[in-house]
Amino acid sequence: MAALTNSRNTPELADGGRIRFINVEANTTIFLGAMVAINANGNAVPAAATTTTANALKVIGRADYVVNGIPAQNAVNNPGAAGAIQIGVRKGVFMYAQDNSITAASVGSPCFALDDNNVTATDRASGASVQQYAVAGEVIAIDASGEVWVDFGHQSARAA
């Protein structure tokens, strides 16, 4: 496409794109509040680690609610075909548990999803040859409880 030669109406995504509706992978359950990732098929799955191959998941936010199901319920697509239901996934800053590797010095740095409820400061286990954990987001703060405030709006910038 060519550069503009006139003004144009540039639409804005509702709510600034803070919430997206994503098809849930076949035979998958995503619990409300979980870290949600997109798999290689473009479907929503719970964030998870891999062990033998590079982690291809992309964490996109927190499971918010189900579409085509009962609101404020877990996304249970099991059994179910990919895309049979959708889940609302919200970007924002949310608090998650951690493995005690994240400290005050980690603020402003990326953290990585160990699973759908825990983050860590590194992208792989000690001695692993491939990245096992997907980027969750940016560490914003450490709560007095030891849990971590994660900004899900900065994954792609922090993944490099």
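Structure notes:
- Answer from Ala104, Ala136, Ala54 - the residue that is in contact (Cβ under 8 Å) with a residue 40 or more places away in the chain, exposed (fewer than 14 other Cβ atoms within 10 Å of the Cβ) and out of contact with any Leu (no Cβ under 6 Å at 6 or more places or on another chain): Ala54
- If you go through segment 31-51 and keep only what is surrounded by 19 or more Cβ atoms within 10 Å (Cβ to Cβ) and either within 11 Å of Gly88 (Cα to Cα) or without any contact (Cβ under 8 Å) to a residue 40 or more places away in the chain (or both), you end up with Val36, Ile38, Ala44, Val45.
- Residue that is farthest from Leu114 (Cα to Cα), among those in segment 8-57 that are among the acidic types (Asp, Glu) and in a loop (DSSP other than H, G, I, E, B): Glu12
- Per-region count, segment 113-160, residues modelled with pLDDT of 95 or more and aromatic (Phe, Trp, Tyr): 1
- Qualifying residue in segment 50-63 (condition: modelled with pLDDT under 95, hydroxyl-bearing (Ser, Thr, Tyr) and more than 27 Å from Ser126 (Cβ to Cβ)): no
- Sub-8 Å Cβ pairs linking a first residue in segment 80-97 that is within 19 Å of Ile19 (Cα to Cα) and at pLDDT 95 or above to a second residue that is of a type in the set (Lys, Arg) and not in a loop (DSSP other than H, G, I, E, B), at least 6 apart or interchain, are Phe94/Arg62, ordered by first then second residue.
The values are calculated or read from the model by the stated rules, or taken from the named source; none is laboratory data. If you're wondering where the values come from, they're calculated on a predicted model, not measured in any experiment. Every residue, glycine as well, gets a Cβ built from its backbone with ideal geometry; the counts of neighbours run over all protein chains shown.
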